[in-house]
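The values are calculated or read from the model by the stated rules, or taken from the named source; none is laboratory data. Worth saying up front: this structure is predicted, and the values here are computed from it rather than measured. Ligands, DNA and RNA are stripped out before the accessible areas are found, and what is left, the full protein with its side chains, is counted by its heavy atoms. Shrake-Rupley method; radii C 1.70, N 1.55, O 1.52, S 1.80 Å.
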Amino acid sequence: MEEQITQAVEGVVTMLSTWGLRVLGAVAVLIVGRIFAGRVRGATHKGLERAKLDPTLIPFLASLVYYVVITIVLIAVLNLFGIETTSLIAVVGAAGLAIGLAMQGTLSNVAAGVMLMVFRPFRIGDFVEIGGSAGSVSEIGLFTTALNTGDNVRITVPNGAVYGSVIKNYSANDNRRNDILIGISYDDDIGKAIEVISAVLAADVRVLKDPEPLVAVSNLGDSAIEIVVRPWCAKADYWPLRFDLNRSIKEKLEAAGCSIPYPQTDVHIVEQVASAS
C-alpha cells in the first residue's frame, strides 16, 4: 500500500513538474505577448504618424500588426505544449469553415473594413452620414468605424453596415450650397423682397460669386409666397453662414416693409335668413 501511495505521489509530482511549468510558461508567454503586441501597435501608430501616412490608414495598419503579433504568440504557446503547428493547420482549416459560417457577420465586417481602406469613401475627420448615424469619423478599424456626433457622443458602427449602406460625405467637396426657404406675404412686393435678399447675400464675404447665388420664387403656398435662397460657400462656413443669413434676411425684409406671415386660415361665415313661415 505504501509503495502504491509513493508511486502515486511521484506521478503527481512528475506531472506537476512537467505540465505545471508548461502551463505557467504558457500563461507568462500570453501575458508578455499581449503587452508586447500592445506596445508594437503603439510604436507602429507613432511611426506611421511620423511618416505622415494618411490618418485613415494608421489605425487600420496598427490593428493589423497587433493581431499578427497575437497570432505568433498563440503559436508559441502551442509549441510549449508540444503541439505540432504544421499538423494543426489541417485541423484549423477544417474548423475554419465551420467557424466562418458561424461568424459570417464578423468576417463581413473585416472584409468591409478592407474595402473601406481600398476605396476610401471617407477619411478621418470627415463629417459623414452612414448606417443611419451622422458624425465626424474618428477611427476606421478592422471591425468597426467610430463617429463623434456634434454633441460629442461616440457612435460605433459595424463596417458591414457602413459599406452596405448609402454613405453621405459632407466633407468630400470644398464647397457646399445652402438651401434656405423664406416666406413673404401676398401683399408684399416680390421684386423688392428679392432685391433685399440679394443685397444681403452680396454683403456677406462668405457667399461665393461662382457659382452665383440663386434667389427665386419657388412656390405659392397657402399662407405665403415662398422664396428659395441658394448661396454657395466653403464647407467650413456652411452652418455659420446659414445661421447668420436666416437672421439677417428676416431683419432686412422687415426693415424694407415686407412681412413674414404666420400660417393662417381664412374662415368665411355665411348667414342665412330664415324664410317666413
query: How high is the relative contact order of region 186-240, in percent, counting Cα pairs under 8 Å that sit 6 or more residues apart?
result: 32
- prompt: Accessible area per residue, 1.4 Å probe, Å², for region 130-234: what's the number?
  reply: 53
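For region 113-236, which whole percent of the accessible surface, found with a 1.4 angstrom probe, sits on carbon and sulfur atoms? Please report the intermediate quantities before stating the final value.
Values: 3400 of 6570 Å².
Heavy-atom surface of region 113-236 belonging to carbon and sulfur, 1.4 Å probe: 52 percent.
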